[in-house]
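Here, each number is a calculation from the coordinates, and none is a lab measurement. Only a predicted model underlies this, so the values are computations on that prediction, with no experimental measurement involved. Here Cβ is always computed from backbone atoms with ideal geometry, including for glycine, and neighbour counts include all displayed protein chains.
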Amino acid sequence: MPADALDGLKSLDREALMERMAEELPDIRNQLNVTQEALAEKTGVDVAKIKAAENGKRSLKWSEFMSILFVIWNNDIGKGILDDKGLFPEELKKALSVNRNAHAPETEASSGRWEF
């Protein structure tokens, strides 16, 4: 990883990102028309943990945040939501070498026809 990407990753406030994701998750799910159960199935994060995080009863772990982030990011509508809410900052994209303009094969999720 290039030094500038590593510096950007070090500067991220992970706790704030995880907290904001938990706070925003009900709205994000609503916009994507996704249930807590469906999100849990797609992300591998236990539904009880998602419910507790959304209700402010527990914090997301970094691995849970990243799982949720990438599942949502794999959907064109989800990408826009994450960008609008600032939940996938450029520093993190750069550190992970995520290229928003890369052309992945079209799937149901990436086409916006995401079936949960």
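Can you tally the lysine pairs in the stretch 3-95 where the Cα-Cα distance is under 25 Å and the two residues are eight or more apart, or on different chains?
The number of close lysine pairs in the stretch 3-95 is 28.
How far apart, in nm, are two points set 7 Å out from the Cα along the Cα-to-Cβ line at residue 96 and at residue 30?
For the pair residue 96/residue 30, the computed spacing is 2.5 nm.
Running Debye on the stretch 3-95 with equal point scatterers at the Cα sites and no solvent, what base-10 log of I(q)/I(0) appears at q = 0.25 Å⁻¹?
Values returned for q = 0.25 Å⁻¹ are -1.39.
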